[in-house]
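Below is one structure; the comments refer to it alone.
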Amino acid sequence: MSANDTPHDIRIARDEDEVRRCWPAFRELRPHLQSEEEFLARWRAQAGEGYQIAYVAEGDHVPAAAGYRLMSTMAWGRILYLDDLVAMEASQGTGLGTALLKFLQGEARRLGCDALHLDTGYQRHLAHRAYLRNGFRMDCMHLAWKVEHD
């Protein structure tokens, strides 16, 4: 079985209607987003930078989704960067996150990337185990400086 073979129906969101279907999953991952409209506005901005959403379709329900983009960096070369990965709480432990990771690993190969990268919160222990189980390794620390606006 290749990395893109999965019993799950994984699709790429091609338009705003498909992105809207992903909002309930993203709302669980990104509770700071105040509304579906804010989510869509951020998606539109990020789509202009190459951001895409892959999602698991179960009828009209989207129990898991991943947002990603291609990047070229001095440090790592050409990479697929995973911005967002979520399996809704009711679907955690069912293999949907792993299915999306395998799909994205296949995309990284197909697109000629050197690696697939992501950042993850320290508190996301369940996610860390899934990443390690799927061949990722912890090899750097991400730091951020928040801009204070007047």
Tail weight of P(r) past 19 Å, computed on alpha-carbon pairs of the stretch 4-150, percent: 54 percent
Taking only Cα atoms of the stretch 16-57, what ratio of Rg to Rh do you get with Rh as the Kirkwood inverse-distance radius? 0.93
Return the long-range amide H neighbours of residue 115 (sequence gap of 5 or more, or a different chain), with a cut-off of under 5 Å between placed amide H atoms. 80
Quick one: compute the contact order of the chain, relative version, from alpha carbon pairs under 8 angstrom and 6+ residues apart, as a percent. 22 percent
Compute the accessible area per residue over the chain, keeping the other protein chains in place, probe 1.4 Å, unit Å². 63 Å²
Rank these by accessible area, largest first, 1.4 Å probe: 88, 71, 138. 138, 71, 88
For the stretch 69-126: span of alpha carbons on each principal axis (Å, largest first): 38, 25, 14
Residue by residue through the stretch 126-134, what is 3J(HN,Hα) from phi via Karplus (6.51 cos²θ - 1.76 cosθ + 1.60, θ = phi - 60°)? Round to whole Hz and write x for glycine and proline. 4, 5, 4, 4, 5, 4, 5, 5, 9
Kirkwood hydrodynamic radius, the stretch 41-104, all distinct C-alpha pairs: what's the number in Å? 12.8 Å
Please give the charge dipole size of the chain, origin at the Cα centre, charges +1 on K and R Cβ atoms and -1 on D and E Cβ atoms. Round to the nearest 20 debye. 600 debye
For the stretch 105-120, in order, what is each residue's ³J(HN,Hα) by Karplus, 6.51 cos²θ - 1.76 cosθ + 1.60 with θ = phi - 60°, in whole Hz (x at glycine and Pro)? 4, x, 5, 4, 5, 4, 8, x, 7, 7, 6, 10, 10, 7, 10, 9
Dividing the convex hull volume of the Cα atoms of the stretch 1-89 by its residue count, what figure in Å³ per residue is obtained? 121 Å³
Taking H as built 1.01 Å from N, whose amide H comes closer than 5 Å to the amide H of residue 85, not counting residues under 5 places away? 67
Carbon and sulfur atoms: what percent of the 1.4 Å accessible area of the stretch 11-87 do they account for? 50 percent
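The values are calculated or read from the model by the stated rules, or taken from the named source; none is laboratory data. These numbers were taken from a predicted model, which means no experiment stands behind them. All Cβ positions, even for glycine, are placed from backbone atoms using ideal geometry, and neighbour counts span all protein chains on display. We work out accessible area using only protein heavy atoms, side chains counted, and drop any ligands, DNA or RNA first. Shrake-Rupley method; radii C 1.70, N 1.55, O 1.52, S 1.80 Å.
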